[in-house]
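Colleague: Have a look at the structure that comes next, please.
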Amino acid sequence: MLVKEVTPLEKAQQFIKENRDNVHPRYRPHYHATTPIGWMNDPNGFVYYEGEYHLFYQYYPYDSQWGPMHWGHVKSKDLVHWEELPVALAPDQWYDKDGCFSGSAIEKDGKLYLMYTGHVTEGDQVIQTQCIAVSNDGLTFEKHVNNPVIGEKLLGSEGLIQDFRDPKIIQHGDLYYCVVATKTADNRGKILLFSSEDLLEWSFFSVLLEGTSEQGVMWECPDFFHLDGKDVLIMSPIQIKKKDHEYHNISSTMACIGEMNWETGQLHVENFHEMDFGMDYYAPQSLIDDKNRRIVIAWMQMWDRTLPTHDLGHKWAGSMTLPRELRVRNNRLIQRPVSEVYSQLEYQYGSENIQVTEQRVVFHHLIKDNTYMQVVADLSEAQRFTIQLAKQESEHLSLNYETATSMFTFSRKNFGYEIKGGEQEIIDTRSFPIELVNQQLILEIFRDTNSIEVFVNDQEVLSATFYEKEKGTDLVFVSEGKTHIGSFEVAKVKA
């Protein structure tokens, strides 16, 4: 009797089904996309397809640390609530046997095309090539018979085959293009552009952009789009050099704003800047939806850091940010919470005209695992305004604004389990300059169990994770000088 061989895809699904109930729920998010079990990193294939938002992601179901990459899969109608779908890709071919690395998705003739990096390790040699998988239903995918579609021959001398990954497909005019990350022989980031008429046959087109020695040893997860009259390249530099208040994490995200010359295939950059001033934001990927919105989502974690959910044996690690709508303003990329989240807010508490001085204003038992806050504070008579969030007896998250320096600071120092990594110093505090708006500081804060996303004055954002040992539920306002809080609202996101 012949026994049907279980495929790697079937094996992954069976493992998830049999083991998902063993995941510890303590730090699980309420409304951020995460795994049913196992490890998550980069978002992949973020696409609007047949009326729904599909999100794929780098996935290793068998452990809460990185392993041979699969593609996990969720979808959503509202970008807030995510439905788990079967694993889309597993390493099972000669060209991807050690991992189906990051990539993207695009719809063509009603079919959903995934383009991903096949990863192979043979002894000391690593080979990374670009591959295609196609689906008629958005659920089951067949790998193209002629994979890899972009390999060493097309790469030529323009990059290193061992660091050649993360294709993002776009459409411009009558052609498809994909940006792919690689590096130079002297360890500088480099983004290549390839072109195709049908997504299957590809040609080398150009070197889109090449980095300096200050801008990291490798650029990962590129994305390229036109927005508000500007051309935008976003990517994630590894080991980018710290510059003033930017790029303090060992790896970071960078937006390059400028103008594309489609004849030469080169991007003229007018401004480079960090995309997120927190500790946990990497590999952002964007889509265009039916409302013509450019929406981005990122991995809310960081490489080379301790992960308490792994160390504690919780059997999962990683989540995504809240999806955000992108705009370009004053040659900077601006992120705002996706509008759908506001229709999912359930009002909890509100107050107006709160006077804050050195005498603390305390709200007991206000901060829950799922908490949204908006604070509008007039700082015209203040020197410093501080929010102590999720406060317990001796620990809290700190948000602070100094009016003399126009500096906003977030700190998770001495809060919960220590998170340390490859940086020379522990990154538990980030500061950045931002001007008040008519003397006001306007904050939107999304807290979801073990994460916080803070949107500041509709200009900047920070994302960070934390793992408190004891629940802290108090909120404290304190000010040097007088702060007038005109409005203060608290809600939760309907899960």
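The values are calculated or read from the model by the stated rules, or taken from the named source; none is laboratory data. Every value quoted in this text rests on a predicted model; they were computed, and no experiment measured them. Quick reminder, even Gly has a Cβ in these numbers, built from the backbone with ideal geometry, and neighbours come from all protein chains shown. When the accessible area is computed, the model is the full protein with side chains, heavy atoms only, and any ligands, DNA or RNA have been set aside. Shrake-Rupley method; radii C 1.70, N 1.55, O 1.52, S 1.80 Å.
Colleague: For region 365-387, name all the residues that are in a loop (DSSP other than H, G, I, E, B) and either within 23 Å of LYS413 (Cβ to Cβ) or among the polar types (S, T, N, Q) (or both).
Modeller: LEU366, ILE367, LYS368, ASP369
Colleague: Could I ask something else about it? Output the number of residues of region 194-227 satisfying the condition of being touching a strand residue (DSSP E or B) at 6+ places or on another chain (Cβ under 9 Å), farther than 16 Å from GLU274 by Cα and open to solvent by 70 Å² or more (accessible area, probe 1.4 Å).
Modeller: Residues that pass the stated criteria total 4.
Colleague: Name the pairs whose Cβ atoms lie under 6 Å apart, with the first residue in region 429-446 and open to solvent by 10 Å² or more (accessible area, probe 1.4 Å), the second in a strand (DSSP E or B) and hydroxyl-bearing (Ser, Thr, Tyr), and 6 or more positions between them or separate chains?
Modeller: Taking only residues 6 or more apart or on different chains, the pairs are THR429/SER411; SER431/THR409; GLN439/SER380.
Colleague: Among (1) surrounded by fewer than 21 Cβ atoms within 10 Å (Cβ to Cβ); (2) under 24 Å from PHE432 (Cα atoms); (3) small (Gly, Ala, Ser), which single condition is ALA382 missing?
Modeller: (1)
Colleague: Then there is this: Looking at VAL490, VAL478, which is the one that is in contact (Cβ under 8 Å) with a residue 60 or more places away in the chain, of a type in the set (Val, Ile, Thr) and under 30 Å from PRO25 (Cα atoms)?
Modeller: VAL490
Colleague: Same structure again: Being out of contact with any Leu (no Cβ under 8 Å at 6 or more places or on another chain) and of a type in the set (Gly, Ala, Ser) is the requirement here; does SER286 meet it?
Modeller: no
Colleague: Here's a check for you: in region 399-410, which residue that is under 28 Å from GLN239 (Cβ atoms) and buried (at least 17 other Cβ atoms within 10 Å of the Cβ) is nearest to the chain's Cα centre (by Cα)?
Modeller: Residue satisfying both the conditions and the ranking: PHE410.
Colleague: Now for a different question. Exactly one condition in (1) modelled with pLDDT of 95 or more; (2) more than 29 Å from the chain's Cα centre (by Cα); (3) of a type outside the set (Asp, Glu) is false for SER394; which is it?
Modeller: Only one criterion is unmet by SER394, namely (1).
Colleague: Among the residues that make up region 34-51, is at least one of them open to solvent by 10 Å² or more (accessible area, probe 1.4 Å), in a loop (DSSP other than H, G, I, E, B), out of contact with any helix residue (DSSP H, G or I) (no Cβ under 6 Å at 6 or more places or on another chain) and over 24 Å from THR117 (Cβ atoms)?
Modeller: Yes: region 34-51 contains one or more residues that are open to solvent by 10 Å² or more (accessible area, probe 1.4 Å), in a loop (DSSP other than H, G, I, E, B), out of contact with any helix residue (DSSP H, G or I) (no Cβ under 6 Å at 6 or more places or on another chain) and over 24 Å from THR117 (Cβ atoms).
For (1) at pLDDT 95 or above; (2) in contact with an Asp or Glu (Cβ under 6 Å, 6 or more places away or on another chain); (3) of a type outside the set (Ser, Thr, Tyr); (4) within 15 Å of VAL376 (Cα to Cα), each residue gets a yes or a no:
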{"residue": "MET407", "(1), (2), (3), (4)": "yes, no, yes, no"}
{"residue": "GLY416", "(1), (2), (3), (4)": "yes, yes, yes, no"}
{"residue": "GLY422", "(1), (2), (3), (4)": "no, yes, yes, no"}
{"residue": "GLU425", "(1), (2), (3), (4)": "no, no, yes, no"}
{"residue": "ARG430", "(1), (2), (3), (4)": "yes, no, yes, no"}
{"residue": "GLU435", "(1), (2), (3), (4)": "yes, no, yes, yes"}
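Colleague: On to the next question. Based on this model, can you work out whether LEU209 counts as out of contact with any Ser or Thr (no Cβ under 7 Å at 6 or more places or on another chain), farther than 27 Å from LYS111 by Cβ, among the aliphatic types (A, V, I, L, M) and touching a residue at least 24 places away in the same chain (Cβ under 8 Å)?
Modeller: Considered against the rule, which asks whether it is out of contact with any Ser or Thr (no Cβ under 7 Å at 6 or more places or on another chain), farther than 27 Å from LYS111 by Cβ, among the aliphatic types (A, V, I, L, M) and touching a residue at least 24 places away in the same chain (Cβ under 8 Å), LEU209 comes out as yes.
Colleague: Another question about this same structure. Where in region 388-460 are there strands (runs of 3 or more DSSP E), lying fully within it, with 1 or more residues that are out of contact with any Lys or Arg (no Cβ under 6 Å at 6 or more places or on another chain) and among the aliphatic types (A, V, I, L, M)?
Modeller: Answer list for region 388-460: 397-402, 407-411, 440-448, 451-456.
Colleague: With respect to the numbered conditions (1) among the β-branched types (Val, Ile, Thr); (2) within 15 Å of TYR281 (Cα to Cα); (3) surrounded by 20 or more Cβ atoms within 10 Å (Cβ to Cβ), which one is the sole condition not fulfilled by VAL456?
Modeller: (2)
Colleague: Taking the criterion of being out of contact with any Lys or Arg (no Cβ under 8 Å at 6 or more places or on another chain), open to solvent by less than 10 Å² (accessible area, probe 1.4 Å), of a type in the set (A, V, I, L, M, F, W, C) and at pLDDT 95 or above, would at least one residue in region 151-168 satisfy it?
Modeller: For region 151-168, residues out of contact with any Lys or Arg (no Cβ under 8 Å at 6 or more places or on another chain), open to solvent by less than 10 Å² (accessible area, probe 1.4 Å), of a type in the set (A, V, I, L, M, F, W, C) and at pLDDT 95 or above: present.
Colleague: For region 461-495, which residues satisfy the criterion of being assigned to a loop (DSSP other than H, G, I, E, B) and open to solvent by less than 10 Å² (accessible area, probe 1.4 Å)?
Modeller: PHE466, TYR467, GLU468, GLY472
Colleague: Can you tell which of ASP63, ASP96 is surrounded by 22 or more Cβ atoms within 10 Å (Cβ to Cβ), of a type outside the set (Gly, Ala, Ser), modelled with pLDDT of 95 or more and not in a strand (DSSP E or B)?
Modeller: Answer to the check: ASP96.
Colleague: Consider ALA185 against the criteria (1) surrounded by fewer than 22 Cβ atoms within 10 Å (Cβ to Cβ); (2) assigned to a strand (DSSP E or B): it satisfies all of them except one. Which criterion is unmet?
Modeller: The one condition ALA185 does not meet is (2).
Colleague: Do you know which of the residues in region 292-324 that are over 13 Å from the mean Cα position of the chain (by Cα) and farther than 27 Å from ASP21 by Cβ is surrounded by the fewest Cβ atoms within 10 Å (Cβ to Cβ)?
Modeller: ASN292
Colleague: A further question on this structure: Can you find even one residue in region 363-374 that is aromatic (Phe, Trp, Tyr), more than 20 Å from PHE277 (Cβ to Cβ), touching an Asp or Glu at 6+ places or on another chain (Cβ under 7 Å) and open to solvent by 10 Å² or more (accessible area, probe 1.4 Å)?
Modeller: yes
Colleague: When both residues are 6+ apart or on different chains and their Cβ atoms are under 9 Å apart, which pairs have a first residue that lies in region 228-241 and is over 16 Å from GLN335 (Cβ atoms), and a second that is open to solvent by 10 Å² or more (accessible area, probe 1.4 Å) and small (Gly, Ala, Ser)?
Modeller: Qualifying pairs under 9 Å: GLN239/GLY422; LYS241/SER213.
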